[in-house]
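Worksheet for the structure shown next.
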Amino acid sequence: MYKLITIDIDGTLLNSYGEVSDRNKQAIKKAIEKNIDVVLTSGRVPNAILPIANEINSNKYLISGNGAAIYDIQKDEIVYSNYISKKKVLEIIDICEKNSMFYNIYTNNEVLTQSLNYNVLFYHNENKKNPENKKIKINLINNLYEYIENYQGNDFLKITICDSDKTVFKSIMSKLKNIRDIDVLEVAHMSRKIIKHGTDDFEISYFYTEITNENVNKWSAIEELIKILNITKENVLALGDNINDKEMIENAGLGIVMGNSSPLMKKIANGVVATNDESGVAEAIEKYIN
């Protein structure tokens, strides 16, 4: 019997417009009524996950930074973390700056960036339609290297690096792989997000990678969470779509991916449901939660 459902957000729970469908909400509601914990697992920072968690009444835990931290919603505290060191962050910034790559840094409270582009542009657009208490905090910094040097915290969840040119992107990937004690996410396809402006749709497309501390992934955080919940991995139903969901799809009691997932993810999953634009999350819950 499943006692925990872990759900990725972008490309899984949310449709292409960044919305949770009514069907998904209803399916999640029924699962919670059966005393099944529903936990969102995302690369986002906690305050970018909380509004979505509130929308689906997931009020216990959330996993942020692709598994870098577990946040206890009710206690308002981080109960598990595996952050990137400041030294490594500065090393990566240096490489990005020397190669003119767009990058942004995720902490527990905000996204640090030098400009609004790629993934940060999508978040900025989300902020326009959200009330103040649901906005993702985006901090525009002119000199990020200097800012991080003087940063007082140590809560660096991940670094995202983006570029629209595949050749340029492959070049930076080869350089990043020479850095020790970090994990560099291998994403083979372009990310495509849709921004709605009036009656028009605009697509943002880019290649990207996400860098975390070594041995950070969503499953490593879920393993910590199941200890807290006193359940086993067989009790976990994991829903995802992208390569950053790979470990949790492989290791959960049941790993299901959306129809919009890559061929690799479909190959390793226990099953494939409808796309994120067709309420695939609801289909999975309706099918596997009795």
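Of note:
- Test: residue in the stretch 138-145 that is polar (S, T, N, Q) and either touching a Leu at 6+ places or on another chain (Cβ under 7 Å) or part of a strand (DSSP E or B) (or both): yes
- Here 103, 145, 151 are screened, and the one residue that is touching a helix residue (DSSP H, G or I) at 6+ places or on another chain (Cβ under 9 Å), within 20 Å of residue 216 (Cα to Cα) and outside the structural domain of residue 55 (by TED's automatic domain parsing) is 103.
- Residues of the stretch 59-90 that are of a type outside the set (A, V, I, L, M), in contact (Cβ under 8 Å) with a residue 40 or more places away in the chain and either surrounded by 14 or more Cβ atoms within 10 Å (Cβ to Cβ) or in contact with a Pro (Cβ under 7 Å, 6 or more places away or on another chain) (or both): 61, 64, 65, 66, 67, 80, 81, 82, 83, 86, 88.
- Failed criterion for residue 111 (all others in (1) in contact with a Cys (Cβ under 8 Å, 6 or more places away or on another chain); (2) closer than 22 Å to residue 73 by Cα; (3) among the β-branched types (Val, Ile, Thr) hold): (1)
- The lone criterion from (1) under 25 Å from residue 122 (Cα atoms); (2) not assigned by TED's automatic domain parsing to the domain that holds residue 190 left unmet by residue 201 is number (2).
- Condition check for residue 128: among the basic types (Lys, Arg), surrounded by fewer than 17 Cβ atoms within 10 Å (Cβ to Cβ) and in the same structural domain as residue 70 (by TED's automatic domain parsing): no
- Members of the stretch 93-135 that are within 20 Å of residue 193 (Cα to Cα), in a loop (DSSP other than H, G, I, E, B) and of a type in the set (D, E, K, R): 135
- For the stretch 59-76, the criterion of a residue being part of a helix (DSSP H, G or I), at negative phi, of a type outside the set (Val, Ile, Thr) and out of contact with any helix residue (DSSP H, G or I) (no Cβ under 9 Å at 6 or more places or on another chain) is satisfied by no position.
- Positions within the stretch 36-87 being closer than 17 Å to residue 217 by Cβ and of a type in the set (D, E, K, R), in sequence order: 44
- In the set 250, 278, only one residue is under 29 Å from residue 88 (Cα atoms), at pLDDT 95 or above and charged (D, E, K, R); that residue is 250.
- Between 56, 9, 36, the distinction of being surrounded by 18 or more Cβ atoms within 10 Å (Cβ to Cβ), more than 22 Å from residue 107 (Cβ to Cβ) and without any contact (Cβ under 8 Å) to a residue 60 or more places away in the chain belongs to 56 only.
- Filter result for residue 228 (hydrophobic (A, V, I, L, M, F, W, C) and in a strand (DSSP E or B)): no
The values are calculated or read from the model by the stated rules, or taken from the named source; none is laboratory data. Nothing here was measured: the structure is a model prediction, and the numbers come from that model. Note that each Cβ is placed from the backbone with ideal geometry, even for glycine, and that neighbours are counted across all protein chains shown.
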